[in-house]
1. Please work out how much length the chain gains when fully extended from K4 to E43, using 0.36 nm per residue of separation minus the C-alpha to C-alpha distance, in nm with one decimal.
2. Can you compute the helix-only [θ] at 222 nm over the chain? Use -39500 (n - 2.57) per DSSP H run of at least 4 residues, normalise by all residues, nearest 500 deg cm²/dmol.
3. Give the label of the value calculated from the structure for volume of the Cα convex hull per residue in Å³, choosing from (1) 74; (2) 166; (3) 181.
4. Of K4/K56; K12/K73; K4/K73; K22/K68, which ones are farther than 19 Å apart at the Cα?
5. Residue by residue, what Karplus-based ³J(HN,Hα) values in Hz, rounded to whole numbers, does the stretch 59-74 have, using 6.51, -1.76 and 1.60 with θ = phi - 60° and x for Gly and Pro?
6. How far, in degrees from 0 to 90, does helix 42-53 lean away from the longest principal axis of the Cα atoms of the chain, to the nearest 10?
Amino acid sequence: MIDKTLDLKGLKCPAVEFEIAKELFSMDSGSVVEAISDDPVAEREVPSWCEQTGNKLLGMEEGDSSLKFQIMKP
């Protein structure tokens with residue numbers, strides 16, 4: 001279940017990760033954020049950021065011109 005969707009199109013990494021982190025900070029453990037990005041660098045940076053910060057990447061979907069990441073706060 002997605003608790004919040006973030007439309008981060010137009011932002012470039014590391015701003016994408018910063019916005020995800022800012023949102024997760026205010027959420028309870030177990031909450032899920034879906035982040036939508038059109039930065040191609042996010043495909044490798046967001047999963048790496050999740051691994052480094054202990055957040056769980058639940059999934060990544062590639063659309064026509066964007067990527068969707070589902071991330072759970074531990």
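1. Additional length available on full extension: 12.1 nm.
2. That comes out to -9500 deg cm²/dmol.
3. (1)
4. K12/K73
5. x, 9, 10, 9, x, 4, 9, 8, 10, 10, 10, 10, 10, 10, 6, x
6. 20
Every number here is computed from the coordinates shown, using simple stated rules; none is lab data. Here the structure is a predicted model, which is why all the values come from computation and not from measurement.
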